[in-house]
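Here it is: the structure, laid out below.
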């Protein structure tokens, strides 16, 4: 097996990495696959590297019976001739401003090998902090801020993360529950890659137990409000120069549409209204307030004033 599992064409100045995955379980609201792709396109990020063929060959099946092309690798043909090799997308993109974006495919086999490639990429680029983004579907009032769930790899990270309006997960503490790809990587970082600082932000994308005309559950398939609520935190934490106004506008529009539809359902059905109202009453989230870092001199002056008031 090759020692190197990642190949880079270039290694720009990098400090932070945002990671997400296609074809994965925890992709409610298309957060894990869609948010990295949105940023790649919006920021015109350039591909700088990818996991090697060893990962593609050992971490994925060709197909699983009954799933059609869900697991099959990408390929294309031109006038009958193959136009490219079989591909798995596990690539790193340079978005500038010290930000690297990783967009991958959840592995089906050998998570330890996949993690070795992932963390090798982080090490090769000199990344100081990594955030993985994922989503879950749940009954969340569309007009309220999304709940952001968090797990992290190093105990000393908690004090900083507490400032960013997150709820810390106790997932799996009451019984066996398999981790998401991001949770698994955070766990492996904690036990096997102690120098890595990695955390996972998981947002709840609204999905209600009502059927649409297409016989699908009522919700927001691509939840830009979750994109926005995650990126507000990431922008502040990583001190990125990012304009999030487009995400805010799209998120508000989608959320208003769902809120209007829920109001119509509640007006037509008293039982449904009770359920909608109960969901709102039970919904708990931690609001995000932009942290303010005071200049040390100003901080000392304020402490002197407070000490003077106490004397």
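Just need the Rg to Rh number for the stretch 208-255, please, alpha carbons only, Kirkwood Rh. Mind dumping the intermediate values first?
Values: Rg = 14.0 Å, Rh = 12.1 Å.
When Rh is taken as the Kirkwood radius, the ratio is 1.16.
Under a point spin-label approximation (7 Å from Cα along Cα-to-Cβ), what is the residue 13-residue 261 distance to one decimal in nm?
Computed distance between label sites residue 13 and residue 261 equals 4.6 nm.
Another question, then. Relative contact order of the chain: what whole-number percent is it, with Cα pairs under 8 angstrom and at least 6 residues apart?
With pairs under 8 Å counted, the relative contact order is 20 percent.
Add -39500 (n - 2.57) for each DSSP H run of 4 or more in the chain, then divide by its residues: what number comes out at 222 nm, to the nearest 500 deg cm²/dmol? Display every interim value, and only then the final one.
Details: 9 runs with 116 residues, N = 311.
Result for the chain: -12000 deg cm²/dmol, rounded to the nearest 500.
Continuing with the same structure: Dividing the alpha-carbon radius of gyration of the stretch 9-310 by 2.2 N^0.38 Å (N being the number of residues), what value is obtained? Show your work: numbers first, answer last.
Numbers: Rg = 21.5 Å, N = 302, 2.2 N^0.38 = 19.3 Å.
Normalised Rg, Cα atoms only: 1.11.
Hey, with R₀ at 22 Å, roughly what FRET efficiency would residue 123 and residue 157 work out to, going by the Cβ-Cβ distance, to 0.05? Could you put the intermediate results ahead of the total?
Working: r = 18 Å, r/R0 = 0.83.
For residue 123 and residue 157, the calculated efficiency is 0.75.
At 7 Å along Cα-to-Cβ for each site, give me the label-to-label distance between residue 71 and residue 212 in nm.
Here the modelled spin labels are 2.9 nm apart.
The numbers here are math on the coordinates, done by the rules we state, and not lab data. Fair warning: this is a prediction, and the values are worked out from it, not measured in the lab. For neighbour counting, all protein chains shown are included, and Cβ atoms are generated from backbone atoms with ideal geometry for every residue, glycine included.
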